[in-house]
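Asks: Structure incoming, see below.
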């Protein structure tokens, strides 16, 4: 009877070892879950960025007005016959 009890105790300790310290243990599962959560957040951010870029590409493909607006704002381009006026901004401290 004692050998059966000793066998059961050894089996129990072996299973506890695997649960807490072995491969696939609870701490490693928790660490993997936190990594998955961080990656899911990153994926969501990247998906939003991709949607924004896709919308911008579609807008540039469909109409010339978006292309013209971008050329004016980013490159400072003007049309033929237009006069460009640069108005300096007032400094807030004065």
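Asks: Out of the residues in the stretch 11-49 that are assigned to a helix (DSSP H, G or I) and in contact with a helix residue (DSSP H, G or I) (Cβ under 9 Å, 6 or more places away or on another chain), which is surrounded by the most Cβ atoms within 10 Å (Cβ to Cβ)?
Replies: For the stretch 11-49, the residue satisfying everything is 19.
Asks: List the residue pairs whose Cβ atoms are under 6 Å apart, where the first residue sits in the stretch 71-92 and is at negative phi and loosely packed, with under 10 Cβ neighbours inside 10 Å, the second is in a loop (DSSP other than H, G, I, E, B) and at pLDDT 75 or above, and the two are 6 or more positions apart or on different chains.
Replies: From residues that are at negative phi and loosely packed, with under 10 Cβ neighbours inside 10 Å, the pairs are 84/78.
Asks: Looking at the structure I just gave you, is residue 52 assigned to a helix (DSSP H, G or I), loosely packed, with under 10 Cβ neighbours inside 10 Å and without any contact (Cβ under 8 Å) to a residue 60 or more places away in the chain?
Replies: no
Asks: Right, here's the next one. Of these, 8, 67, 86, 60, which one is part of a helix (DSSP H, G or I) and either at pLDDT 85 or above or over 32 Å from the mean Cα position of the chain (by Cα) (or both)?
Replies: None of the other options fit; the residue is 8.
The values are calculated or read from the model by the stated rules, or taken from the named source; none is laboratory data. This one's a predicted model, so the numbers in the text were calculated from it and none came from an experiment. A quick note on method: Cβ atoms are made from the backbone with ideal geometry, for glycine too, and the neighbour counts reach across all protein chains shown.
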